[in-house]
Protein chains: 2
Amino acid sequence: MRKIIALWLMSPVFLFAQSSIDSTYIKNISDEILRNGKAHDLLRVLTKEIGGRLAGSIQFTKAVTWGEAALKNAGADKVFLQECMMPNWQRGGKDNATILQINKNKTNRELDVLALGNSMGTGGKPLVAEVIGVADFADLEAKKDLVKGKIVYFNYKFNPTNIHPFTSYGQVGQYRRNGPSAAAKYGAVGVMIRSLTEATDNNPHTGSTAYDDAFPKIPAVALGGYDADYMWELCKKAAVTVSISTNGHFLPDAKGHNVVAELTGSEFPNEYIAVGGHLDSWDVNEGAHDDGAGIVQTIEVLRTLKALGYKPKYSLRFVLFANEENGLKGGLKYAEEAKAKNEKHVFALESDEGGFTPRGFGFTMAEKQLDKVKSWLPLLQPYGTETLNMGGGGADIGPLRTTFGTALGGLIPDAQRYFDIHHARSDVFENVNKRELLLGAVNMAALIYLIDKYGL
Amino acid sequence: MRKIIALWLMSPVFLFAQSSIDSTYIKNISDEILRNGKAHDLLRVLTKEIGGRLAGSIQFTKAVTWGEAALKNAGADKVFLQECMMPNWQRGGKDNATILQINKNKTNRELDVLALGNSMGTGGKPLVAEVIGVADFADLEAKKDLVKGKIVYFNYKFNPTNIHPFTSYGQVGQYRRNGPSAAAKYGAVGVMIRSLTEATDNNPHTGSTAYDDAFPKIPAVALGGYDADYMWELCKKAAVTVSISTNGHFLPDAKGHNVVAELTGSEFPNEYIAVGGHLDSWDVNEGAHDDGAGIVQTIEVLRTLKALGYKPKYSLRFVLFANEENGLKGGLKYAEEAKAKNEKHVFALESDEGGFTPRGFGFTMAEKQLDKVKSWLPLLQPYGTETLNMGGGGADIGPLRTTFGTALGGLIPDAQRYFDIHHARSDVFENVNKRELLLGAVNMAALIYLIDKYGL
């Protein structure tokens, strides 16, 4: 009898019937979200009433309270907080960079800059030095004897011929992270970088830098696109003196929280599937795409499954992670707690590439698991998913893989506009389209439904 | 020998070699456009220096001169104009609608409205009447005896559960086109419609209406989203009196031009492949996505093929069509001229769904032709094309199919944001992303290359 059932479960008729049930269920998910979705309204509150939410800020604390209420409203069986200590970097005031002199001629041209996150300020007085422009790290090596006492300007650009902007971001990211210490190694006193963007405006883009303790922690700022072009041309042909004033510093670590909601599983209550994004953002914007979008999509998935009366087999976790941007303490804390309580996670999904039209998911999992996921492509295609490929996940869920070998997935939205606003002042609510945001949630909820139903 | 060659041409090795040559060529196209593309700069001039370009306006005439120069600069073998007469509808001033009375209570609440294109004004004085709200045409039929002397408000909405917004647009479009005459048939004196949008703002959206000559040509305006919601709730429960003032009228037909550029074919100089968009736009915006994007993409395809030294087999035409929005006289003229000169068109491609990330093409052609096109999918996928399906083309190239049976194609961009700005004041340059715009041109140029090389 068991054999007959097993054969039946593999028969085309059974598989077709299953597929029909699933496609109907996913259509219900989609209709519920596109008709009644709350993600856009929630995002308005998170961005407009709370605003930028850097770890340690009062806004982050407000966002925790807001997130707790939002997850309860969405119908969680339980909501709890996970305390973690977070770095407390303060921008400390307005960042400034001004060109004081070009060759022997005095000038006073102000550049639009933002200090890099976690960078140290200029110590209450302007840092004044000559600029040396370098195209990349190789160019820095070539000019290393000329760097001492100077401000190094890194002009490394996005490669516009990459079709996927995250490829370019991967290539340029090292200049923001490692540029300051690479320059300090040769005696530079400050660093300016071209912002990590191809945007056609002059907004500077912040984001974390990472000092190497072996070298002085020199001030570092990012320039917007026009100023970057101007600076590069200028310092190729003239002696340019710049004054930089920044005020970055660390206060003692601050108490923060992950906000965690749960729908308890009916078959495997002690095994978990997690969905999440990060609740913190940079201080200079509203953190609308990064990662307000992932937060409200996470809440939307919960709301929708609950609204449809879905009874999960596994326990589903909806996690608003703390401190992704400049410390990752929330993601580390979540995995640590899960390990301590032996909460085995079979899958974790993150949305942290913006609230744009979804085009697929990227996975870090076994080939066999991916084969299973790929078999669901026809069910997801009507909602915009076109690729289910290896590679991807998210920063916050990464520690789960280290801990449990958890299979990871990341939503892949269309990213052509992402680096226009990423970490810049322009990452605001107005730049998020309601339908694009909701469609991301549709695909996330559908994937969670399939993984919960069929396992991995 | 011929047989051996024929067999060789079908061999996997030959096909693989061809595919490799093609994929390299398309990568060159992509690199050229993403590195050196002029589409975004051209669009800035067209939108910011010329602006809205309704048929008959001075701006349209300026756009013709601009387009002629841009096509020459892009390297056309020849550029010429095709004269056509176009309707000359004038908005005639600011459109207004104000709620004067709710039940017996006087009020003075102004609604943000735009007169529908080609609609007749209120004759120099306000039209004051009570409003009757209807959900759709069926509701109008049910209430037809109550309509006389009233302003009918059509509240028909986009269906948010359609994944593809053009599906919704197809469903709601009849209310803008046919609503005024449908209401006039029962004695209505004016019409208001909910704008054809799901946008989360209050911008009204204009667009052509089409009167039935059998009934009075009554004034008609579109309401933005907030006002539409308000009006619908209000007129369900109260007697609402509204004053409408519009000034729409026609001047005598105006002389206009298609702008046509050519790269002459080396093998089939008397057979044509056309690529185009429409140069005109509505008067209330900059016509950035609709259809400035299609125009600058068309010019970009020409520039790129020329920059790469491509020698087409067929004669390639790059056409900036006149008067798509409220008359289609340019598209009709182009086909008429082609017929008169016996210029057989084997394929025509239009871009008129916005300058967003491309996701594929839709075709109106024989199944066998589509099979051939579909065989190129692997060559286009790296650039974002995911579907090559039946159905599509464009308004301006439609007459070519009637005339020659020309195979048609239309670029399909990701349209989630399109109806936020379509025919609204917000269709401006700032809402076009450079990379999304250029990627559309990449896919268009690649498709034209393949069709020119292999035929259909």
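The values are calculated or read from the model by the stated rules, or taken from the named source; none is laboratory data. None of these values were measured; they are calculated from a predicted model. In this analysis, Cβ positions are derived from the backbone assuming ideal geometry, glycine residues included, and neighbour counts consider all displayed protein chains.
Would you check which residues across segment A:184-201 are within 25 Å of the chain's Cα centre (by Cα), part of a loop (DSSP other than H, G, I, E, B) and more than 14 Å from chain B (Cβ to nearest Cβ) and list them?
Within segment A:184-201, A:195, A:196 qualify.
Out of A:447, A:438, which single residue is more than 14 Å from every other protein chain (Cβ to nearest Cβ), assigned to a helix (DSSP H, G or I) and in contact (Cβ under 8 Å) with a residue 12 or more places away in the chain?
So the residue among A:447, A:438 that is more than 14 Å from every other protein chain (Cβ to nearest Cβ), assigned to a helix (DSSP H, G or I) and in contact (Cβ under 8 Å) with a residue 12 or more places away in the chain is A:447.
Looking only at residues in segment A:373-392 that are in contact with a helix residue (DSSP H, G or I) (Cβ under 7 Å, 6 or more places away or on another chain) and surrounded by 16 or more Cβ atoms within 10 Å (Cβ to Cβ), which one is farthest from the other protein chains (Cβ to nearest Cβ)?
Among them, the one singled out is A:376.
Could you list, in sequence order, the residues of segment A:140-159 that are part of a helix (DSSP H, G or I) and under 30 Å from the mean Cα position of the chain (by Cα)?
Across segment A:140-159, the qualifying residue is only A:140.
Residues of segment B:406-435 being hydrophobic (A, V, I, L, M, F, W, C) and either farther than 22 Å from residue B:34 by Cα or outside any helix (DSSP H, G or I) (or both), which ones?
Across segment B:406-435, the qualifying residues are B:407, B:408, B:411, B:412, B:415, B:419, B:421, B:424, B:428, B:432.
Condition first: among the β-branched types (Val, Ile, Thr) and not in a strand (DSSP E or B). Now tell me which residues in segment B:82-137 satisfy that.
B:122
Out of (1) out of contact with any strand residue (DSSP E or B) (no Cβ under 9 Å at 6 or more places or on another chain); (2) away from chain A (no Cβ under 14 Å), the odd one out for residue B:366 is which?
Just one mismatch for residue B:366, condition (1).
Condition check: buried (at least 23 other Cβ atoms within 10 Å of the Cβ), over 18 Å from residue B:433 (Cβ atoms) and of a type in the set (D, E, K, R). Does residue A:343 satisfy that?
no
Which of the residues spanning segment A:420-456 are more than 18 Å from the chain's Cα centre (by Cα) and of a type in the set (Asp, Glu)?
Those that are more than 18 Å from the chain's Cα centre (by Cα) and of a type in the set (Asp, Glu): A:430, A:452.
Restricting to segment A:251-278, and then to whatever is in contact with a His (Cβ under 9 Å, 6 or more places away or on another chain) and not β-branched (Val, Ile, Thr), can you tell me which residue is surrounded by the fewest Cβ atoms within 10 Å (Cβ to Cβ)?
That would be A:271.
Quick check on my filter: what residues within segment B:208-220 are surrounded by fewer than 23 Cβ atoms within 10 Å (Cβ to Cβ) and under 16 Å from the mean Cα position of the chain (by Cα)?
Result: B:208, single match.
Can you tell me which residue in segment A:49-72 is surrounded by the fewest Cβ atoms within 10 Å (Cβ to Cβ), limited to those that are under 16 Å from residue A:39 (Cβ atoms) and over 19 Å from the mean Cα position of the chain (by Cα)?
It comes out as A:49.
Inspect segment A:366-382 for any residue being within 19 Å of the chain's Cα centre (by Cα), assigned by TED's automatic domain parsing to the domain that holds residue A:319 and among the basic types (Lys, Arg) and give the result as yes or no.
no
Would you mind telling me which numbered condition in (1) polar (S, T, N, Q); (2) in the same structural domain as residue B:283 (by TED's automatic domain parsing); (3) farther than 18 Å from residue B:290 by Cβ; (4) within 24 Å of the chain's Cα centre (by Cα) residue B:119 fails?
Residue B:119 satisfies every listed condition except (2).
Are any residues in segment B:239-285 touching a Lys or Arg at 6+ places or on another chain (Cβ under 8 Å) and within 19 Å of residue B:50 (Cα to Cα), and if so, which ones?
Answer for segment B:239-285, where residues must be touching a Lys or Arg at 6+ places or on another chain (Cβ under 8 Å) and within 19 Å of residue B:50 (Cα to Cα): B:256, B:258, B:279, B:280, B:281, B:283, B:284, B:285.
How about segment A:158-183: which of its residues are of a type in the set (Val, Ile, Thr) and away from chain B (no Cβ under 14 Å)?
Correct list: A:172 only.
Using the structure shown, decide if residue A:154 is in contact with an Asp or Glu (Cβ under 7 Å, 6 or more places away or on another chain), of a type in the set (A, V, I, L, M, F, W, C) and within 22 Å of residue A:224 (Cβ to Cβ).
no
Would you check if there is a residue in segment B:338-354 being under 20 Å from residue B:291 (Cβ atoms), within 14 Å of chain A (Cβ to nearest Cβ) and in contact with an Asp or Glu (Cβ under 8 Å, 6 or more places away or on another chain)?
yes
Listed here are the residues, each with its yes/no results for (1) crowded, with 18+ Cβ neighbours inside 10 Å; (2) basic (Lys, Arg).
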residue	(1), (2)
A:151	yes, no
A:162	no, no
A:165	yes, no
A:170	no, no
A:173	no, no
A:177	no, yes
A:180	yes, no
A:185	no, yes
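Take the residues in segment B:396-406 that are of a type in the set (S, T, N, Q) and surrounded by fewer than 21 Cβ atoms within 10 Å (Cβ to Cβ); name whichever of them is nearest to the other protein chains (Cβ to nearest Cβ).
Looking at the filtered set, the residue picked out is B:402.
Quick check on residue B:240: is it buried (at least 18 other Cβ atoms within 10 Å of the Cβ), modelled with pLDDT of 95 or more and either assigned by TED's automatic domain parsing to the domain that holds residue B:423 or touching a Ser or Thr at 6+ places or on another chain (Cβ under 8 Å) (or both)?
So residue B:240 does not fit the description; no.
Please go through segment A:35-60 and pick out each residue that is in contact (Cβ under 8 Å) with a residue 24 or more places away in the chain and away from every other protein chain (no Cβ under 14 Å).
Across segment A:35-60, the qualifying residues are A:46, A:51, A:52, A:53, A:54, A:55, A:56, A:57, A:60.
Only one of A:76, A:17, A:63 is more than 30 Å from residue A:284 (Cβ to Cβ), away from chain B (no Cβ under 14 Å), touching a residue at least 24 places away in the same chain (Cβ under 8 Å) and not basic (Lys, Arg); which?
Criteria check complete, one pass: A:76.
Being more than 16 Å from residue A:161 (Cβ to Cβ) and aromatic (Phe, Trp, Tyr) is the filter; apply it to segment B:2-47 and report the residue that is modelled with the lowest pLDDT.
Filtering first and then ranking leaves B:8.
For segment A:407-419, check the following and say yes or no: at least one residue is within 26 Å of residue A:163 (Cα to Cα), away from chain B (no Cβ under 14 Å) and either buried (at least 24 other Cβ atoms within 10 Å of the Cβ) or more than 18 Å from the chain's Cα centre (by Cα) (or both).
Scanning segment A:407-419, I find at least one residue that is within 26 Å of residue A:163 (Cα to Cα), away from chain B (no Cβ under 14 Å) and either buried (at least 24 other Cβ atoms within 10 Å of the Cβ) or more than 18 Å from the chain's Cα centre (by Cα) (or both), so the answer is yes.
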